């Protein structure tokens with residue numbers, strides 16, 4: 001996930017988080033790093049510069065669609081999470097985290113990161 005944050009002050013801390021950003025996906029299904037797959041960058045990295053050369057990379061050529069390909073908008077990913085969340089429950093019967101839960105966790109990580117570098 002690429003989320004953009006504008007920091008306008010550090011004492012007091014003032015930061016603005018955009019509600020939009022990018023989600024990037026690897027072009028091969030993830031497997032824990034081991035033996036032969038250790039050097040498979042298409043599996044372990046989501047970097048566009050690496051994955052765009054993969055035969056599996058899906059480009060999005062339609063500017064009106066933000067839910068296609070290996071590089072998507074965060075809003076599109078959250079829509080997909082909500083669609084799947086409503087259709088499924090966890091094995092233990094508990095509800096899956098919502099996109100709001102995930103977004104709040106992202107904001108919490110941003111805040112903690114900023115606090116870690118402030119006086």
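All of the numbers you see were taken from the coordinates with simple rules; none came from a lab. Model, not experiment: these values are computed from the prediction. Ideal geometry is used to build each Cβ from the backbone, glycine not excepted, and the neighbour counts take in all protein chains shown.
Side notes on the structure shown:
- FRET efficiency, 1/(1 + (r/R0)^6) with R0 22 Å, evaluated for residue 1 and residue 50 via beta carbons: 0.80
- Rounded to 10°, Cα long-axis angle of helix 74-87 versus longest principal axis of the chain: 70 degrees
- Kirkwood hydrodynamic radius (C-alpha pairs) into Stokes-Einstein, the chain, 10 °C and 1.306 mPa s, D in µm²/s: 94 µm²/s
- On Cα atoms only, tilt of 99-116 relative to the major axis of the chain in degrees: 60 degrees
- Candidates 67, 53, 92, ranked by Gaussian network fluctuation over the chain, Cα under 10 Å, top entry: 92
- Neighbour-count ranking [beta-carbon atoms within 10 angstrom, fewest first] of 100, 22: 100, 22
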